[in-house]
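Accompanying notes for the structure given below.
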Amino acid sequence: MALTKNDARLIVGMAARGDKHHDMAAYFGENQARIAEVLSGEMFGHVEAAPAAELPPKGAPGIKGRRVYAHLEKALAALDAGNIDEAKETLAAGAKRWNLHE
């Protein structure tokens, strides 16, 4: 997956926030060398950091993905049982958990 200049802005912002390089690489589906190239200016030159409000949640996306998937499975089970309100609550809880900075 090729990084874009907007991705570079996010990477610079994530680095400024203190994210780990391997977490950033995993989020973008790249290796850590591409992250280093962005941060050194080798890939896009100097780019402004994206504002904190635009950054993805801090933390490893793999762990986050497994957690949100568990919420999805629970919500689907609730829908199969005809409980729409429970499904909505479960999805809202999953979204809230995804957005935590872990």
Open item on the list: How would the range 5-54 be classified by its alpha-carbon gyration tensor: rounded, prolate or oblate, with rounded meaning a/c under 1.5 and the a/b versus b/c comparison settling the rest?
Closed with: oblate
- [ ] Taking the Cα centre of the chain as origin, work out the dipole magnitude from +1 charges on Lys and Arg Cβ and -1 charges on Asp and Glu Cβ, in debye rounded to 20.
- [x] 160 debye
- [ ] Using a Gaussian network model of the chain whose springs link C-alpha atoms within less than 10 Å, name the residue from GLY82, GLY45, GLY65 with the highest mean-square fluctuation.
- [x] GLY82
Task: Modelled FRET efficiency - R0 35 Å, LEU100 with HIS46, Cβ distances, 0.05 increments - done: 0.65
Task: Unit charges at the beta carbon, dipole of the chain: most positive-side option, VAL68, LEU3, GLY45 - done: VAL68
TODO: Please identify which residues in the range 47-65 have an amide N closer than 16 Å to a label point set 7 Å out from the Cα of LYS20, following the Cα→Cβ vector.
DONE: 57-65
TODO: Using only Cα atoms, tell me the angle between helix 5-17 and the longest principal axis of the chain; keep it within 0 to 90° and round to the nearest 10.
DONE: 80 degrees
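No lab work stands behind these numbers, since they all come straight from the coordinates. Computed from a prediction, not measured in an experiment: that's the story for all the values here. Note that each Cβ is placed from the backbone with ideal geometry, even for glycine, and that neighbours are counted across all protein chains shown.
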